[in-house]
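The values are calculated or read from the model by the stated rules, or taken from the named source; none is laboratory data. Since the model is a prediction, treat every value here as computed from it, not as a measurement. Glycine also receives a Cβ, built like all others from the backbone with ideal geometry; neighbour counts cover every protein chain displayed.
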């Protein structure tokens, strides 16, 4: 149960970044064929797993700068930057 809770929290934090429509996401995401479907590069999911969680006012979130540093690092490691 503990592991699934952490996974859900991390995915919710990713969702918050997606809702903010941060311009930095454009390089790693694109609209899918189906409405509401977003194709996402593996580096984004790796950053979702690795980025430290921050807590503010009882809400969890990722620091966007830290998150995108990880995305960029992971993209370079894959040779897709």
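A Cβ distance below 7 Å, combined with a sequence gap of six or more or placement on separate chains, defines the contacts here; from the range 13-29, residues that are assigned to a loop (DSSP other than H, G, I, E, B) reach residues that are surrounded by 12 or more Cβ atoms within 10 Å (Cβ to Cβ) and modelled with pLDDT of 85 or more in the pairs 22/64; 28/41; 28/43; 28/44; 28/71. Here is the figure for the range 43-58: residues that are at pLDDT below 90 and either surrounded by 10 or more Cβ atoms within 10 Å (Cβ to Cβ) or assigned to a loop (DSSP other than H, G, I, E, B) (or both) total 2.
Hey, among the residues in the range 22-36 that are within 22 Å of residue 9 (Cα to Cα) and out of contact with any strand residue (DSSP E or B) (no Cβ under 7 Å at 6 or more places or on another chain), which one's surrounded by the fewest Cβ atoms within 10 Å (Cβ to Cβ)? Looking at residues that are within 22 Å of residue 9 (Cα to Cα) and out of contact with any strand residue (DSSP E or B) (no Cβ under 7 Å at 6 or more places or on another chain), I get 36.
Restricting 65, 69 to those that are in a helix (DSSP H, G or I), free of Cβ contacts under 8 Å to residues at least 12 places away in the same chain and in contact with a helix residue (DSSP H, G or I) (Cβ under 9 Å, 6 or more places away or on another chain) reduces the list to 69. Put simply, of 9, 76 the only residue that is assigned to a helix (DSSP H, G or I) and in contact with a strand residue (DSSP E or B) (Cβ under 7 Å, 6 or more places away or on another chain) is 9.
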